[in-house]
Amino acid sequence: MEEKLFPYIVDLLIKLFDTMPPQEEITLDTRLQEDLNLDSLDTLDFILAVETQFGVKLDMNNAKNTRTLRDLVQAVITLNPDACNRE
């Protein structure tokens, strides 16, 4: 399921931020702050965009514990399993 949703998350990330590495270098284990250099406000903006795009609402605990793209993808899948069924 992660592999189906992941490209949509990466596309959103690249649309939001101009200074991302090439798409092929971004993996599920890419860390938001350490690898992508997102500060806390950038991370919050990204999480809010993901919430809007996929119709989910991460609770404060989930948002705080989101360190990698895998963490974010898993949170979206948990809250909205249908998010993987995008065309």
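Just so you know, all these numbers are worked out from the coordinates, no wet-lab data involved. All figures in this text were calculated on a predicted structure; none of them were measured in a lab. Note that we place each Cβ from the backbone using ideal geometry, even for glycine, and neighbour counts take in every protein chain shown.
Could you compute the longest span of the chain free of trypsin sites (Lys or Arg not before Pro) located in DSSP loops and having at most 12 other Cβ atoms within 10 Å, not counting the site residues?
Numbers: sites that count: 57, 86.
Looking at the chain, 1-56 is the longest stretch - no exposed trypsin sites (Lys or Arg not before Pro) with at most 12 other Cβ atoms within 10 Å.
List 14, 9, 77 from most exposed to least, where exposure is judged by having the fewest other Cβ atoms within 10 Å. Don't skip to the end; give the middle numbers.
Details: 14 14, 9 23, 77 18.
Least to most surrounded, the residues fall as 14, 77, 9.
Among 69, 55, 22, which residue has its Cα positioned farthest towards the positive end of the charge dipole of the chain, with +1 placed on the Cβ of Lys and Arg, -1 on the Cβ of Asp and Glu, and the dipole taken about the Cα centre?
55
For residue 36, which sequence-distant residues (separation of 5 or more, or a different chain) have an amide H within less than 5 Å of its own amide H, given hydrogens modelled in the peptide plane?
Here 31 satisfy the definition.
Normalise the Cα radius of gyration of the chain by 2.2 N^0.38 Å (N = residues in it) and let me know the number.
On the way: Rg = 11.7 Å, N = 87, 2.2 N^0.38 = 12.0 Å.
Rounded to two decimals, the normalised Rg is 0.98.
If amide hydrogens are placed 1.01 Å from N in the peptide plane, which non-local residues have theirs closer than 5 Å to the one on residue 68?
Result for residue 68 returns 32.
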